[in-house]
Structure formats: C-alpha cells, structure tokens
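Enquirer: Handing you a structure now.
The values are calculated or read from the model by the stated rules, or taken from the named source; none is laboratory data. Treat the numbers as computed from the prediction; the structure is a model and nothing was measured. So basically every Cβ, Gly included, is an ideal-geometry build from the backbone, and we count neighbours across all protein chains shown.
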Amino acid sequence: MTAPQVFRVRRIGGTISTDDIIPARYKHMYTDPAQLAPHLFEAYQPGFVDMLEPGDALVGDEIFGIGSSREQAVTTLLASGLRLVLAPRFGRILFRNCWNLGLPAIEVDTSALPDGARIEVDLRQGEVRCAGAVAVRFGVPPAFLLDMVDRGGLLRVVESSLAREK
Amino acid sequence: MSRTRLPAASGGSPLRAGSPLVDQIITSHLSDPPDGSTLAAGGSSVAVGQLVTVRPDHVYVQDGNAPTIAKLYAEHGFDSVFDPARVSFVFDHSVLVADVEMADRMKEADAFASRLGVDVQSRGRGISHVIAAELGWFTAGSLVLGSDSHTCVGGAFGSLGLGMGASDITAAMVTGTTWLRVPETVTVELTGAPHRSVRPRDVLLTMLNRLGQEPFLYRSVEFAGDWARALSSDSAASLASLGVELGAKCVFIADADGLVPAGTAPQAQRITFDLESVEPVVSVPHLPANTRPLSEVAGTRIDYVFLGSCTNSRLEDLAEAAQAMVGHRVREGVQFVVTPGSIGVYRDAVRSGYVETLMEAGAVVTPPGCGSCVGTQGPLPARGDNVLSTMNRNFRGRMGNPAANIYLASPTVAAMASVLGAIPAPQELP
C-alpha cells in the first residue's frame, strides 16, 4: 500500500545480483515463496535472513538486482517480510518485478539512512523522514505504478480488466 | 554476410536510420496506453520516459519460470493465451533433470503447456535465445518478450527483445500486451580494429569494466562502427547477449545490409570506444565486470571448463574451440564440458567434424540447452574448484556451488585452459 508508513532499515552492501538474492536452483525446485524465503541471500550474506522482521525496508548502497529476470527474487523478499526496497540504482527487470508484485522500489541516495533506523516513507510526496526531519527526497513514482501497488499488483489489475470486458 | 536471414515480422516495420530503433519498434507495436485512455489518431511517435502499452509479436517462456507461471494462472483464474501460435514454452534450463523437486516442477510445466495448446520446444531443442533466431521470432522490427534476462540477444537481429519476470510474462500471455517505459538511446561507436584474438565478449566486458553500468542502465544501447557491422550472426548474438550485463534495457547491433541501422543517438548521447586498446580478458570472481587482461591471470589453476550458454554456444564458438584443440588433449584431472546452443548447432557441429575433434580430445559433449550455466543441471563444480566458463555471469553460486570460483572467457581461451589446466597466456593461444 502506498500511504505513508514507518519501516525499520536493514542495510545490505554492494552491487547485488538476483543470483545473490535467490540462487537459481531453488526457483526450479519450488513455486511456494515460503519455501524460497529461508534461502534469501544464502551465499551472499549468510544469516541476514534471520535478522529480518515483518515490515522491514531493505536498503542497498549500489545497484540492486542486476542479472537474471527471476521474479522469485522479489517473491522471496516479500516472503521474508520486506515491504520496501530503497537503493541508488536498480536492475531494470527486478525494478519491474518489484512494482508488479506490489513491492515499491525507490531510486534514492541511501547514504543518510543507517542500519536499524526507523524511517517514515511517503511515496506520494517523495520523502524519507527520519527522527521527524526529511532525511532525503526522491522523484515521486508514476501514478500508474503506485496505483498498481494499491490494487494488489499487475495480475490483479489484469484480472479486473478481464472482468470488465466480460 | 546477411545477418537477418528472414523477412521482418508481419507486425513490425522495417527499421530506418535516423531515429532511435527502440522508438520505431515501440511505435509500430503501440496499443492503448496503460492509464485506460485510447491513442490519439495519428499519434505516431513516442517520447523518452513515456509509459506505453505495446503488443508483442511473440512471447516465450523458459522452463525455470513455467511452473511459477502455471501457479499464477491458477491463482488468478486465467485459462488461455492471446494466441497459442505466438506463445512458446522452451525447456532449456533443466534438460537432464537430476533432482526430484525439479522433476515434479517440469512435469507441471509440461502439463500446463499442453493444456494451453501453445508451441512447445522440448528438452534437447536448445536455448530459447538461440532458437528464437533460428525459428524467426527475432527479425528486424519485431518485439519479443522472454521470461529470461538474456532475451536481449534479439538486438543482434534488429528485434526488440525484452527479458521480464513471471508476472509480466503471465500478463502478456493473457492479454497480448505489456507496459513499457520508453528508454533513452545511447550509441556506442566502436572504432579501430582489435587483434584477431579479441572476441565480442572481450569488447563488451572490457567496456563494462572501464565505464561501469551507469552510462547504459535502463537505456537502449546501439552499437555502430565498421567492426560491429562486419560481425557474423553468431558474433553479433554473443555481443547482444551481454547487453543485460551492461544494465541495458535492450541493445541493437548495426549490420552490413542496413537491416539494423544502429547508431541513431544524438551527438550528446554518443560514446566512442577504441577497439585497438582491447585485449583478450578474463572476468575473475564474482562479477562479469571484474575483467583482467589474460596476461595478468595466466597460470591460474583451472579444474573445470564449460563451453556453452546463450553467449558462446553457437557454431562459430564450437568451431573456435575445436580448432584450438587440434593436436591437443584435455589435461588429466580437468573436465571439459561442451553444450551446443541448439539442435541445429549440434547437427552442424557434428557434420563439420567439430564434435569429433572435441570428443577425441577428451571433451564431454552434452545435449543442447543451457548446460551447466546456472546450476540447474550437471555437472556442478566441486567445492574449491576453479571453473573457466564461456557463459555471461560469474556471480557467486551461479553454477550451483557458492564454494567454486568462476572465471569467464572466450571459447579459444576456454579450450586452451582445458589443455593446460590453467588460464593460458596470450602467446599460448593458437
């Protein structure tokens, strides 16, 4: 949902590929995100998944989500409780997959957002607030993407447009 | 040599010089915009940043995503595709399945494809991006979606090939449309002529190493210049496959016949890249951008060599490797695995004697497909193995074992590494 919300920051460093997020073999083994979730960042940062709480925001510092098109990277992030991703840059396919699945992905300078901080993010104003002050601003995402998230993701939108045609 | 061997797709228009190729293809495939409004009559051009809806000519699904797409269909109550003749399922990542969970998923995918009545390219036919060119899905001016990031191979043939995730592909299969943001175009003018040992992958990965992804991220990258225009189909496809490693949305590669008139970006968005300064490179663990000149890493121990993937599994690649192996043998204790990109490549390589040369030298030639590229089928590297592979990515764990180190290089370097059990020095190349 795109109303202003408070998140806890969980930082992860470096340029991160979707292979780092979830190794390919698991997506060939499982279609249930709950079975994928324990393997999040398994080789990249063992133990990271155990530090997550439902509703956390994942905050990167380089390019997030380069490489493979696997949207299982995003379903795994969601199944691990993450509800927002902030990074300076994104891989384009992962960026699409995030929005399509209802996980807002925001291109923003994340240098002022320390690990563990509580941040309030207002997607429709383009603001990240921390301790009552604006920590950083970002370009407001297109209404098309925000509305898609509010409607439950791309396939819910397709469902309702098919229902309208019938 | 004509690169695009087939006529332009019926839905596409022939490409012309002077305006960005991605804009031309998007414009010729426009549908109603995503905000629910309808297109203005005569609305014939698109602007950078605009969100549009387009109708693809073809949609293909690889087997790693087919089971997830089957699940999404069931969850959302979908039961058909927009046109069964224009949707293909390609079984390439899991050809020889050695895992019970995967076997069950492949069975679900087979049943799903059969229920939908779509075109099926079954196990052993080859890699989706290789057969997409052979079967004419990639043609100048066509728009093709694939559920795999290396769909950008299409740009070698003038096709706008876009890799997408399972939900995007599901939506496209159901509605026959997808949403796009019109990207900026950047032209890379490749100047000069490199040494003959320099292959397309050396050029692109050297460029990535020197410039980073920033100049290319989200953009349509058009490669121009005499070297690009002279590339064979196999070389152009190899170059285009690496577009996603640059971070590009799509790539186009100029050809000799003007079917792909790449190089249309305005002056401010042109990069000149000098090929004279490029030498054969190896990407060291764990990023493709970590290139080192061959001379710097020569002598590094190699335990396992893989020749294959949508970057280097075509006839030209097998020919290069076979020529390098003449008079040599794979070193004792090293395994050399060769996976042709398609059944057509395999057949041609048998007829040309390349397969015999490779087998006699001690290589193992497997059925066509993605092979060992992504750890979904064997052989997996052992812990501590140093692997030299011709694939496109060396992310940690890519081949199914995070305790292996993956180095990337061209087919000739790979073949010589299997002989030496080590990365060859430039003077050890044939």
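Enquirer: Just for strands (runs of 3 or more DSSP E) wholly inside the stretch B:150-248: which have at least 1 residues that are within 14 Å of chain A (Cβ to nearest Cβ)?
Expert: Correct list: B:160-163, B:178-181, B:220-224.
Enquirer: Quick check: is even one residue across the stretch B:312-326 of a type in the set (D, E, K, R), surrounded by 24 or more Cβ atoms within 10 Å (Cβ to Cβ), touching a residue at least 40 places away in the same chain (Cβ under 8 Å) and in a strand (DSSP E or B)?
Expert: no
Enquirer: Oh, and also: May I ask you to verify whether B:V305 is buried (at least 24 other Cβ atoms within 10 Å of the Cβ), within 28 Å of A:K27 (Cα to Cα) and touching a Lys or Arg at 6+ places or on another chain (Cβ under 7 Å)? Talk me through it step by step, then tell me what you get.
Expert: Working: buried (at least 24 other Cβ atoms within 10 Å of the Cβ): yes; within 28 Å of A:K27 (Cα to Cα): yes; touching a Lys or Arg at 6+ places or on another chain (Cβ under 7 Å): no.
Considered against the rule, which asks whether it is buried (at least 24 other Cβ atoms within 10 Å of the Cβ), within 28 Å of A:K27 (Cα to Cα) and touching a Lys or Arg at 6+ places or on another chain (Cβ under 7 Å), B:V305 comes out as no.
Enquirer: Now for a separate question. Filter the stretch A:1-48 for residues that are of a type in the set (D, E, K, R) and out of contact with any helix residue (DSSP H, G or I) (no Cβ under 6 Å at 6 or more places or on another chain); which is surrounded by the most Cβ atoms within 10 Å (Cβ to Cβ)? Before you say what the answer is, go through the steps one by one.
Expert: Going through the stretch A:1-48, the residues of a type in the set (D, E, K, R) turn out to be A:8, A:10-11, A:19-20, A:25, A:27, A:32, A:42.
Those still in the list that are out of contact with any helix residue (DSSP H, G or I) (no Cβ under 6 Å at 6 or more places or on another chain) too: A:8, A:10-11, A:19-20, A:25, A:32, A:42.
Details: A:R8: 16, A:R10: 19, A:R11: 16, A:D19: 25, A:D20: 27, A:R25: 24, A:D32: 11, A:E42: 18.
Per the stated criteria, the residue is A:D20.
Enquirer: While we're here: Please state which one of B:S372, B:S283, B:S342 is in contact with a strand residue (DSSP E or B) (Cβ under 6 Å, 6 or more places away or on another chain), within 14 Å of chain A (Cβ to nearest Cβ) and farther than 26 Å from B:G212 by Cα.
Expert: B:S372
The rows are residues; the columns are (1) closer than 16 Å to A:R8 by Cα; (2) surrounded by 19 or more Cβ atoms within 10 Å (Cβ to Cβ); (3) within 9 Å of another protein chain (Cβ to nearest Cβ); (4) of a type in the set (A, V, I, L, M, F, W, C).
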residue	(1), (2), (3), (4)
A:F90	no, yes, yes, yes
A:R96	no, yes, yes, no
A:N100	no, yes, yes, no
A:L113	yes, yes, no, yes
A:C130	yes, no, no, yes
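Enquirer: For the stretch B:287-299, which residues satisfy the criterion of being in a loop (DSSP other than H, G, I, E, B) and either within 14 Å of another protein chain (Cβ to nearest Cβ) or surrounded by 17 or more Cβ atoms within 10 Å (Cβ to Cβ) (or both)? First the steps, then the outcome.
Expert: Pass one, the stretch B:287-299, residues in a loop (DSSP other than H, G, I, E, B): B:287-290, B:298-299.
Scanning the stretch B:287-299 gives B:L287, B:P288, B:A289, B:N290, B:A298.
Enquirer: If you take the residues of the stretch B:79-132 that are of a type in the set (S, T, Y) and closer than 25 Å to B:A240 by Cβ, which of them is farthest from the other protein chains (Cβ to nearest Cβ)?
Expert: B:S88
Enquirer: Check the stretch B:255-262 and report whether any residue there is in contact with an Asp or Glu (Cβ under 8 Å, 6 or more places away or on another chain), over 27 Å from B:G400 (Cα atoms) and part of a helix (DSSP H, G or I).
Expert: No, the stretch B:255-262 contains no residue that is in contact with an Asp or Glu (Cβ under 8 Å, 6 or more places away or on another chain), over 27 Å from B:G400 (Cα atoms) and part of a helix (DSSP H, G or I).
Enquirer: Suppose we filter B:R383, B:R351, B:R398 for residues that are out of contact with any strand residue (DSSP E or B) (no Cβ under 9 Å at 6 or more places or on another chain) and within 14 Å of another protein chain (Cβ to nearest Cβ); which single one remains?
Expert: Details: B:R351 fails: within 14 Å of another protein chain (Cβ to nearest Cβ); B:R398 fails: out of contact with any strand residue (DSSP E or B) (no Cβ under 9 Å at 6 or more places or on another chain).
Checking each option against the conditions leaves just B:R383.
Enquirer: Sticking with this one: Report yes if B:G176 is assigned by TED's automatic domain parsing to the domain that holds B:H76 and in contact (Cβ under 8 Å) with a residue 24 or more places away in the chain, otherwise no.
Expert: yes
Enquirer: Then there's this: Mind listing just one residue for me: the one in the stretch B:391-403 that is within 19 Å of the chain's Cα centre (by Cα) and aliphatic (A, V, I, L, M) and, of those, surrounded by the most Cβ atoms within 10 Å (Cβ to Cβ)?
Expert: Among them, the one singled out is B:M399.
Enquirer: Could I ask something else about it? Quick one: in the stretch B:200-215, of everything that is under 14 Å from B:A248 (Cβ atoms) and over 17 Å from the mean Cα position of the chain (by Cα), which residue is surrounded by the fewest Cβ atoms within 10 Å (Cβ to Cβ)?
Expert: That would be B:E214.
Enquirer: When the residues of the stretch A:1-48 are narrowed to those that are under 19 Å from B:P285 (Cβ atoms) and among the hydroxyl-bearing types (S, T, Y), which ends up nearest to the other protein chains (Cβ to nearest Cβ)?
Expert: Within the stretch A:1-48, the match that is nearest to the other protein chains (Cβ to nearest Cβ) is A:S17.
Enquirer: Oh, and also: Which members of the stretch B:276-286 meet the condition of being assigned to a loop (DSSP other than H, G, I, E, B) and in contact with an Asp or Glu (Cβ under 8 Å, 6 or more places away or on another chain)?
Expert: Once the filter is applied, which keeps residues that are assigned to a loop (DSSP other than H, G, I, E, B) and in contact with an Asp or Glu (Cβ under 8 Å, 6 or more places away or on another chain), the stretch B:276-286 yields B:V278, B:E279, B:P280.
Enquirer: Taking the condition of a type in the set (V, I, T) and assigned to a loop (DSSP other than H, G, I, E, B), does B:V330 pass? So that I can check it myself, show each step before the final result.
Expert: Working: of a type in the set (V, I, T): yes; assigned to a loop (DSSP other than H, G, I, E, B): yes.
So B:V330 passes the test.
Enquirer: Residues to consider are B:I406, B:I423, B:I343; find the one that is among the β-branched types (V, I, T), out of contact with any Pro (no Cβ under 7 Å at 6 or more places or on another chain) and either surrounded by 24 or more Cβ atoms within 10 Å (Cβ to Cβ) or in contact (Cβ under 8 Å) with a residue 24 or more places away in the chain (or both).
Expert: B:I423
Enquirer: Now for a separate question. Return only the number of the condition from (1) at pLDDT below 95; (2) under 22 Å from A:I66 (Cα atoms); (3) of a type in the set (G, A, S) that B:G378 does not satisfy.
Expert: (2)
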